[in-house]
Amino acid sequence: MVNIAETSEKRLFITSDTHFGHQRDFVWKSRGYSSVEEHDTMLIEIINNVVRPNDILLHLGDFCLNTKIERFDWLLSQIKCQNIYSLFGNHNNPHEKTIYRAAMGNKFVGPFPVETYPFQYKNMVYVGHYLEAILNGQYTVLCHYPLYVFNEMAHGAWMLCGHSHNGCPLSRAETTTGKILDVGWDGHGKPWSFEEIREVMAKKQFLAVDHHFG
């Protein structure tokens, strides 16, 4: 269990699905950019304008893809935040290779799971595929994918996710049934602050979905 309590010197921000390096125009073009290069440059600028070096940035998957390790290293070097915590998504290249090589060194021979977390690489700490955390006193379930049923939901837990690019009605900010929120880039255009998420969640109602809540 991760317990994060932000201060004025270390604020908490959350995002997902930045898709750095994604060559398909349905990502960068839909976000209003003329190329993937412009897209990557502008997203980095936005992140750096919002998240300070000492702040915490939780990234819920699909950080980048179609990206060689050298480019991945460059992306991390351009983001000023030194406390990036990352979940895996469904696009994990080159994250997995980076972890395998760092963990195995010269013994690395190919892709296989190295499930040892937390695992730090430069200014990014990998925390696995799923995380339950206390964020400023709020019990929160974090996963790349939206979960309809999640731990402690009957007791006010939040579910933060990505993956759907704001395309899943259940997890949109304006949906008031269920305390689930897609914090991905396409629904907000920048990292969410914890206070922004709290304001959204205050309008969402608890949703009982199975026999556990009778």
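Please tell me if Ala208 is small (Gly, Ala, Ser), touching a residue at least 40 places away in the same chain (Cβ under 8 Å) and not in a loop (DSSP other than H, G, I, E, B).
Answer is no for this residue.
Going through region 130-160 one residue at a time, which ones are under 12 Å from Leu58 (Cβ atoms), in a strand (DSSP E or B) and out of contact with any Phe, Trp or Tyr (no Cβ under 6 Å at 6 or more places or on another chain)?
Passing the criteria: Leu131, Ala133, Leu135, Leu142, Leu160.
Cβ contacts < 6 Å: first residue at negative phi and at pLDDT 95 or above, restricted to region 142-167; second residue assigned to a loop (DSSP other than H, G, I, E, B) and of a type in the set (Asp, Glu), any location; separation 6+ or different chain. Result?
Gly162/Asp17
Here are the criteria: (1) assigned to a loop (DSSP other than H, G, I, E, B); (2) without any contact (Cβ under 8 Å) to a residue 40 or more places away in the chain. Tell me which single one Ala202 does not satisfy.
Answer for Ala202: the failing condition is (1).
Being at pLDDT below 95 and surrounded by 13 or more Cβ atoms within 10 Å (Cβ to Cβ) is true for just one of Asn66, Asn48. Which residue is that?
None of the others qualify; the one that does is Asn66.
For region 118-167, enumerate the residues that are surrounded by 22 or more Cβ atoms within 10 Å (Cβ to Cβ) and acidic (Asp, Glu).
none
Look through Ser8, Ser34, Ser30, Ser16 and report the one residue that is surrounded by 19 or more Cβ atoms within 10 Å (Cβ to Cβ) and among the polar types (S, T, N, Q).
Of the residues listed, the single one that is surrounded by 19 or more Cβ atoms within 10 Å (Cβ to Cβ) and among the polar types (S, T, N, Q) is Ser16.
Out of curiosity, is Val209 in contact with an Asp or Glu (Cβ under 9 Å, 6 or more places away or on another chain) and on the phi < 0 side of the Ramachandran plot?
For Val209, the condition - in contact with an Asp or Glu (Cβ under 9 Å, 6 or more places away or on another chain) and on the phi < 0 side of the Ramachandran plot - is not met.
The values are calculated or read from the model by the stated rules, or taken from the named source; none is laboratory data. Just so you know, these numbers come straight off a predicted model, no measurement behind them. For neighbour counting, all protein chains shown are included, and Cβ atoms are generated from backbone atoms with ideal geometry for every residue, glycine included.
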